[in-house]
Amino acid sequence: NKTETNCINIRLSNGYGSPVFKENNCWWLVINDLCKSAYNQQKIELLSDGSPQRDFIHIHDICRAIEVLIESERNCKENIFNVASGKTYTILELAHVVQSKFNERYGKDIPILLPDKTLSKDPRKFKNIERFLIDTSRIKKLGFQQPTSLQTGLDEIFDYLENKSG
């Protein structure tokens, strides 16, 4: 407020996507980790009961959001923007989505192991918990659209894992 600098604050949800460079350590990201475990270990092991909730957005969409904000900077009446997909998953639901994508691609059903080493069979175990939703209306008013579907993003990560090891 004391200068003429126009600041924009970006509140980012959980990103995911394959690395641009081999040296990028992006495998600690939840979706990346689940895909890598599925691909390399033929199983998914959860560190929690799967109830934590997250909103995931592809890294390319994060870059597009930043472009929209830079291009719209002078026309922004607001200065705080949420960059997210606007869809909330539990970690358990997400693990089952990765499991399903793995099965679709490789024709193999892999297990999802919970911390107590039991198998998860029900992705909707937490269907009745209250969900949070990240409001992305401000950035959408500037023209941001999130075109990368979770299914496309998962395919991209599995493509990377195949090409890296091949």
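The values are calculated or read from the model by the stated rules, or taken from the named source; none is laboratory data. Please read these numbers as outputs of a predicted model, since none were measured by experiment. Virtual Cβ from ideal backbone geometry, glycine too; neighbours counted across all protein chains shown. Calculation scope for accessible area: heavy atoms of the full protein, side chains included, ligands and nucleic acids excluded. Shrake-Rupley method; radii C 1.70, N 1.55, O 1.52, S 1.80 Å.
Any idea which of 110, 129 is assigned to a loop (DSSP other than H, G, I, E, B) and in contact with a Lys or Arg (Cβ under 7 Å, 6 or more places away or on another chain)?
110
When you scan region 13-21, do you find a residue that is at negative phi, aliphatic (A, V, I, L, M) and modelled with pLDDT of 95 or more, even just one?
So far as region 13-21 goes, no, none of its residues is at negative phi, aliphatic (A, V, I, L, M) and modelled with pLDDT of 95 or more.
Go through region 81-109 and count every residue that is at pLDDT below 95 and open to solvent by 70 Å² or more (accessible area, probe 1.4 Å).
Qualifying residue count, region 81-109: 1.
Every residue in region 106-146 that is among the polar types (S, T, N, Q) and over 22 Å from residue 31 (Cβ atoms), please.
118, 128, 137
Please go through region 137-162 and give me each residue that is modelled with pLDDT of 95 or more and in contact with a strand residue (DSSP E or B) (Cβ under 6 Å, 6 or more places away or on another chain), ordered by number.
If the condition is that a residue be modelled with pLDDT of 95 or more and in contact with a strand residue (DSSP E or B) (Cβ under 6 Å, 6 or more places away or on another chain), then 153 is the only one that fits.
Check off (1) out of contact with any Asp or Glu (no Cβ under 9 Å at 6 or more places or on another chain); (2) at pLDDT below 95 for residue 61 and give me the number that stays unchecked.
(2)
Consider residue 125 against the criteria (1) in contact with a strand residue (DSSP E or B) (Cβ under 9 Å, 6 or more places away or on another chain); (2) open to solvent by less than 80 Å² (accessible area, probe 1.4 Å): it satisfies all of them except one. Which criterion is unmet?
(2)
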